[in-house]
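The values are calculated or read from the model by the stated rules, or taken from the named source; none is laboratory data. All of these numbers come straight from a predicted model, not from anything done at the bench. Reconstructed Cβ throughout: ideal geometry from the backbone, glycine too, with neighbour counts over all protein chains shown.
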Amino acid sequence: MAYKFPLALFADPSVISGHAQQLADLLNIPLISDPRGYQVFFNLTPNHLELIAHEENNKKPSSLRVDFTTPGNLRRVKNPHKELLIQAIKIRKKIPATVVDATGGLGRDAFLLAAAGCKVDVFEQNHFIGALLADGLKRAALAPQTARVCNRITLHIQNTVEHIGELCPPPEVVYLDPMFPERDKSAKVKQNLRILRYIEGDQGEDRELFAAVWAIKPRKIVVKRPLKSAPLCEIRPTYTLKGKAVRFDVYIPASFTKDSTPCLNSKC
């Protein structure tokens, strides 16, 4: 993957050096003793991993880390069944036992799915974003109020297209969020979006992802879309659930004819 800025890992002196070097090797970036001169770098402390970005017109550096124990997240997952996403994944009005979040990102939706009672496999192909998500899940697993939810989540820092077919048995539902991260108007989401652009790299083609998901034959595919956008890959969903800013397009693969389904052939 190509990135606009050189990346490095800076570790707090109190962090065990072997752990810091292991993480730097995993991310394939240098471990540095002084972050000055780096516009973007990872900061590892005894408590968390975060991404730091020095942005133009901002006096203070921006930071991004995954934290599932914030009051906002805890409020969101307290009553997950009220969320439109949870309504969209239901099969005959029941929560599916197994769901794959094929575009994990920062894990907010995966955490919501797990809070609703699903066993969730999360795929995130970007190893930088995956490291932030892994750190957030690790810390949430130690917190009494979130540990039970984390026990239902398995993280795969892998390419979804290449590895989703290895799941056995295949999931009942696959969730896709090609519009990640959420594009609402909050300052925090806008900041997260800006910082993520430093490390996103090439995320691949939507058609390849959609085709790979379709090939494992889940009972349902749920795709998050901006409210007024075209359907993913121009394929009309079986039905749609609409919110104020986004909608969830729901596909039931068994109801489609063969010539109307996505495939890897660009002519499809």
Would you check which residues across segment 86-143 are without any contact (Cβ under 8 Å) to a residue 40 or more places away in the chain, charged (D, E, K, R) and in contact with a strand residue (DSSP E or B) (Cβ under 8 Å, 6 or more places away or on another chain) and list them? K119, E124
In segment 217-234, anything out of contact with any Asp or Glu (no Cβ under 8 Å at 6 or more places or on another chain) and either surrounded by 19 or more Cβ atoms within 10 Å (Cβ to Cβ) or among the charged types (D, E, K, R) (or both) is listed as K217, I221, K228, E234
Within segment 196-216, the residues that are at pLDDT below 60 and either over 30 Å from F256 (Cα atoms) or part of a helix (DSSP H, G or I) (or both) are D202
All positions within segment 105-124 that are out of contact with any helix residue (DSSP H, G or I) (no Cβ under 6 Å at 6 or more places or on another chain), closer than 24 Å to W214 by Cβ and either surrounded by fewer than 20 Cβ atoms within 10 Å (Cβ to Cβ) or not acidic (D, E) (or both): G105, A110, L113, C118, K119
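When you check L142 against the structure, is it within 19 Å of L44 (Cβ to Cβ), surrounded by fewer than 22 Cβ atoms within 10 Å (Cβ to Cβ) and not charged (D, E, K, R), yes or no? I'd like the intermediate steps shown before the answer.
Working: within 19 Å of L44 (Cβ to Cβ): yes; surrounded by fewer than 22 Cβ atoms within 10 Å (Cβ to Cβ): yes; not charged (D, E, K, R): yes.
Against the criterion (within 19 Å of L44 (Cβ to Cβ), surrounded by fewer than 22 Cβ atoms within 10 Å (Cβ to Cβ) and not charged (D, E, K, R)), L142 qualifies.
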So, L193, is that one modelled with pLDDT of 95 or more and either surrounded by fewer than 20 Cβ atoms within 10 Å (Cβ to Cβ) or in a helix (DSSP H, G or I) (or both) or not? no
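Tell me the residue from S62, S33 that is surrounded by 12 or more Cβ atoms within 10 Å (Cβ to Cβ) and farther than 20 Å from K138 by Cβ, please.
Details: S33 fails: surrounded by 12 or more Cβ atoms within 10 Å (Cβ to Cβ).
Matching residue, one of S62, S33: S62.
A quick yes/no check of all residues on (1) aromatic (F, W, Y); (2) in contact with a strand residue (DSSP E or B) (Cβ under 7 Å, 6 or more places away or on another chain):
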| position | (1), (2) |
| --- | --- |
| P6 | no, no |
| P13 | no, no |
| H19 | no, no |
| D34 | no, no |
| N43 | no, yes |
| H48 | no, no |
| L51 | no, yes |
| F68 | yes, no |
Out of N57, N73, report the one residue that is on the phi > 0 side of the Ramachandran plot and either in a loop (DSSP other than H, G, I, E, B) or out of contact with any Cys (no Cβ under 8 Å at 6 or more places or on another chain) (or both). N57
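Give me the residue from segment 36-79 that is of a type in the set (D, E) and modelled with pLDDT under 95 and, out of that set, nearest to L23 (Cα to Cα).
Per the criteria, the residue is E55.
Name the single residue, out of those in segment 145-166 being in a strand (DSSP E or B) and of a type in the set (A, V, I, L, M), that is surrounded by the most Cβ atoms within 10 Å (Cβ to Cβ). Break it down into steps so the answer makes sense when it comes.
Step one: filter segment 145-166 for residues in a strand (DSSP E or B), giving 153-156.
Among the residues that remain, those that are also of a type in the set (A, V, I, L, M) are: 153, 155.
On the way: I153: 24, L155: 21.
Per the stated criteria, the residue is I153.
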Any chance segment 12-28 includes a residue that's within 30 Å of R152 (Cβ to Cβ), touching a residue at least 12 places away in the same chain (Cβ under 8 Å) and touching an Asp or Glu at 6+ places or on another chain (Cβ under 7 Å)? no
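Based on this model, can you work out whether D184 counts as closer than 27 Å to G243 by Cα, modelled with pLDDT under 95 and surrounded by fewer than 20 Cβ atoms within 10 Å (Cβ to Cβ)? Explain how you work it out, then say what you get.
Details: closer than 27 Å to G243 by Cα: yes; modelled with pLDDT under 95: yes; surrounded by fewer than 20 Cβ atoms within 10 Å (Cβ to Cβ): yes.
So D184 passes the test.
Of these, A88, A20, which one is in a helix (DSSP H, G or I), among the small types (G, A, S) and in the same structural domain as P144 (by TED's automatic domain parsing)?
Details: A20 fails: in the same structural domain as P144 (by TED's automatic domain parsing).
Just one listed residue meets the conditions, A88.
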So which residues in segment 222-252 are outside any strand (DSSP E or B) and either of a type in the set (D, E, K, R) or outside the structural domain of Y175 (by TED's automatic domain parsing) (or both), if there are any at all? K228, E234, R236, K244
